[in-house]
Amino acid sequence: MSDKIFFTTPYGEAVFPWLNRPDSEYNADGEYHVKVRVPIEEAADFVAQMEAARDAFWETLTPKQQKTHTKVDCGELELDEDGEKTGNLLFKCKMRANVTYTNRQGQKESFSQKPEIVDEDKNTVQESVWGGSILRCRGEMIPYAMAAYKTVGVSLRLAGVQVKELKTGTQQGGFGDDGGTIPGAAR
């Protein structure tokens, strides 16, 4: 499967977005990522596109791999805190912030990247994108076979984000001055 498969998610709600600066908690090189929450009925066409990419990749596997591997669902079914279905799918889109690779001459090279963030008019968004923003992602579908888990699926490599409705926040905790004090609190 040498042809690139590009995607654009449906518009959905951003869940735990790390789009303005990379998240380096679990990856020292940093990673930009966001989950896009989309109602199942609005995600049907996108799921079909992902399944087509996964299934085409499946056909390239050896007969032995097809016997031992299973296909992963496209999109994560969202569950609430009680384990009940919410009626939404989550699509995780991610991009490595710093990439190191070996070139054809056997030398290590590296580069940094970040996702393009634009509004509906394709103007660059300077503000931080917070959870609850309505957006869609674009990028490249990357089919994979994971030997350790014996699974076949499709990951979504992020290239850019288009924000329809921006939600921003504050780093100051968001508390207003209501005049109340807590007994014994330091002033």
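The table below gives the values:
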read-out: Nonlocal amide H pairs with PHE7, under 5 Å, H built at 1.01 Å; value: GLY139, GLU140, MET141
read-out: Within the stretch 106-149: backbone nitrogen closer than 11 Å to the VAL99 label point (7 Å, Cα to C-beta); value: 110-114, 140
read-out: Estimated vicinal HN-Hα couplings, Hz - the stretch 14-19 in sequence order (Karplus 6.51, -1.76, 1.60; Gly, Pro = x); value: 6, 10, 6, x, 10, 10
read-out: Approximate spin-label separation ASP73-TYR26, in nm, with each point projected 7 Å along Cα-to-Cβ; value: 1.9 nm
read-out: (1) 14.9; (2) 16.9; (3) 11.1, with the label sought being that of the calculated mean projected area of the Cα convex hull in nm²; value: (2)
read-out: Per-residue HN-Hα couplings for the stretch 27-42 [Karplus 6.51, -1.76, 1.60; θ = phi - 60°; Hz; x = Gly/Pro]; value: 9, 4, 6, x, 8, 8, 7, 7, 9, 9, 8, 10, x, 3, 5, 7
read-out: Average Cα contact separation per residue, the chain, under 8 Å, 6 or more apart, as relative contact order %; value: 27 percent
read-out: Using θ = phi - 60° and Karplus 6.51 cos²θ - 1.76 cosθ + 1.60, couplings along the stretch 130-139 (whole Hz; Gly, Pro as x); value: 10, x, x, 5, 9, 8, 9, 10, 10, x
read-out: For the stretch 73-130 and the stretch 1-41, distance of Cα centres in Å; value: 3 Å
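Every number in this text was worked out from the coordinates using simple rules, so none of it is lab data. This structure is a prediction, so every number in the text was calculated from the model and none was measured. As a convention, Cβ positions derive from the backbone with ideal geometry for all residues, glycine included, and neighbour counts pool all protein chains shown.
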